[in-house]
1. Would you mention how many residues in the stretch 7-46 are within 20 Å of the chain's Cα centre (by Cα), part of a helix (DSSP H, G or I) and more than 27 Å from residue 77 (Cβ to Cβ)?
2. Would you say residue 58 is under 22 Å from the mean Cα position of the chain (by Cα) and free of Cβ contacts under 8 Å to residues at least 12 places away in the same chain?
């Protein structure tokens with residue numbers, strides 16, 4: 001099962017933040033090359049702001065719920081157990 005490997009990592013090819021940034025850049029380039037305007041500017045800005053605020057508000061709540069469901073500590077400050 002170990003196949004003789006001694007490294008201790010997840011074996012990912014690319015770090016996840018790099019993948020997100022790459023797709024964001026592709027989307028921005030596609031929009032600059034061929035923009036699609038489906039909503040008027042003020043309405044698009046309002047809906048974008050609501051979605052952004054919801055993501056910022058709900059992201060930490062989702063993370064804490066998942067940590068607690070997995071039986072992990074969700075506090076960010078303080079000593080960590082070694083195992």
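1. Summing the residues that are within 20 Å of the chain's Cα centre (by Cα), part of a helix (DSSP H, G or I) and more than 27 Å from residue 77 (Cβ to Cβ) in the stretch 7-46 gives 10.
2. yes
FYI, it's all coordinate maths here, none of it is from the lab. In this text the structure is predicted, and so the values were computed from the model without any measurement. Because the Cβ atoms are built from the backbone with ideal geometry, glycine has one as well, and the counts that use them run over all protein chains shown.
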